[in-house]
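What follows is a short report on a single structure.
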Amino acid sequence: MASERVDLDGNLIKSITICMIGAGGFIGSHLCEKLMSETPHKVLAVDVYNDKIKHLLEPSASGELPWADRIQFHRLNIKNDSRLEGLIKMADLTINLAAICTPADYNTRPLDTIYSNFIDALPVVKYCSENSKRLIHFSTCEVYGKTIGCFLPKDSPLRQDPAYYVLSEDASPCIFGPIEKQRWSYACAKQLIERLIYAEGAENGLEFTIVRPFNWIGPRMDFIPGIDGPSEGVPRVLACFSNNLLRREPLKLVDGGQSQRTFIYIKDAIEAVLLMIENPARANGQIFNVGNPNNEVTVKQLAEMMTQVYSKVSGESSLETPTIDVSSKEFYGEGYDDSDKRIPDMTIINRQLGWNPKTSLWDLLESTLTYQHRTYAEAIKKAISKPVAS
Ligand SMILES: NC(=O)c1ccc[n+]([C@@H]2O[C@H](COP(=O)([O-])OP(=O)(O)OC[C@H]3O[C@@H](n4cnc5c(N)ncnc54)[C@H](O)[C@@H]3O)[C@@H](O)[C@H]2O)c1
Ligand SMILES: O=c1ccn([C@@H]2O[C@H](COP(=O)(O)OP(=O)(O)O[C@H]3OC[C@@H](O)[C@H](O)[C@H]3O)[C@@H](O)[C@H]2O)c(=O)[nH]1
């Protein structure tokens, strides 16, 4: 079955080895799952954690692990491990997903954020370039920063004109706030590594693809505070709101929840990444927005929809006061700032890969919150019922 797979130009797809750095994270776990279940490719999975891919590494109760010889886990920190170059050399393609990418860290741990997103990615780029290996690097939609439209007067009709808010890879500027707004440390580090990769392509012939994800969400995203993940830290909005719903607490709307986002189901987005992996001639040298422009909501609307969906999947009534407003300073601390609106231009990914997202926001929340409820509801009940130590 697998040997008959063809690419978008009708050529047979050869089996390759992929060095996937950050394979144990949210996106990495879904990409590994897809590669194991639907392709013949091999994965050298690099991460400091493997909890989210354990099910792919260990045989199930029935003793089966059909892809056992196609995935290997290498526990290493790319900051300081000499094994990295060897793994990149063994692979045909490197995919770099490793990063600190939770906004609560950008203004409170700006040095770690800059090191993780720029300095630590440098050797990966260098080894790929020096060894003539293809690189797919994960950047972010945050490189666009704010829209041009947000600087117009509130009542300007131009705010409705897509030219003032649609984010295009080859045309939109990157607009960040001042340096003291340390929120932008992440976006700025990601922008610089993109420029470096682009320059390696231009000057040294590096074959690269840059991915700019627009709020990919789904099962296994981040962690539920107090249940799994780090003992401190604030996850991204999906996990924050899931945690509130599971604990029957009001959802916190930062500065009123007026910012807008487009959310895409992780499984749709992974289809796009697989097309990039298997169609190098169409993906090399490209920067791709990967998002769902049809799933736009304000954060307040997201909270309302998640409340409705959670009530449906859990069978529990919603709270009388389902949301509360909180200031960004209180929630994230000094130096927070926000992207106002994120609509991806889909022209380039449509032209190169013919890809489009499929899943509506309601449907993706329904499957994701069903997973959250099934995975965490019992653990949360236990945690809540434990007497607090005096
Ligand atoms: N999820 C999204 O919507 C989204 C949006 C924009 C950009 N991105 C980018 O996509 C990439 C993956 O994001 P994600 O959502 O899967 O995040 P994630 O935090 O779930 O995954 C990142 C993984 O990288 C690993 N890692 C970090 N530093 C490492 C190091 N020094 N050595 C080894 N492993 C290390 C982490 O342990 C983690 O498992 C990141 O580069 C992120 O900036 C994601
Ligand atoms: O409990 C919460 C959490 C978050 N929020 C708000 O929800 C919005 C989305 O927050 P997220 O935590 O998902 O993060 P953002 O969309 O701002 O950034 C993300 O975008 C792309 C990636 O690079 C990163 O994964 C991350 O930087 C923000 O406006 C935030 O202020 C709340 O109102 N309440």
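Every number in this text was worked out from the coordinates using simple rules, so none of it is lab data. In this text, all values refer to a predicted model and were calculated from it rather than measured experimentally. Quick reminder, even Gly has a Cβ in these numbers, built from the backbone with ideal geometry, and neighbours come from all protein chains shown.
The table below lists the values:
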quantity: Furthest towards positive pole of dipole, HIS74, GLN286, ALA199, structure part the chain, Cβ charges; calculated: HIS74
quantity: Reachable lysines, given that their alpha-carbon falls under 24 Å from the alpha-carbon of LYS126 and they are not under 8 places away in the same chain; calculated: LYS42, LYS79, LYS89, LYS190
quantity: Dimensions (Å) - the stretch 297-390, Cα atoms, principal axes, largest first; calculated: 61, 36, 25
quantity: Partner lysines for LYS52 [C-alpha distance under 16 Å; skip if fewer than 8 residues away on the same chain]; calculated: LYS34, LYS267
quantity: Fluctuation leader among LEU76, LEU152, LEU56 - the chain, Gaussian network, Cα springs under 10 angstrom; calculated: LEU152
quantity: All Cα pairs of the chain, percent lying beyond 34 Å; calculated: 28
quantity: Equivalent ellipsoid dimensions for the stretch 129-219 as semi-axes, Å, which come from the Cα gyration tensor, largest first; calculated: 30, 14, 14
quantity: Separation between Cα centres of the stretch 304-370 and the stretch 72-126, rounded to whole Å; calculated: 27
quantity: Candidate aspartates and glutamates - alpha carbon under 15 Å from LYS358, same-chain residues fewer than 8 apart omitted; calculated: ASP268, GLU271, GLU296, GLU366
quantity: Solvent-free Debye scattering, log10 I(q)/I(0), computed from the Cα coordinates of the stretch 47-151 at q = 0.17, 0.18 Å⁻¹; calculated: -0.96, -1.03
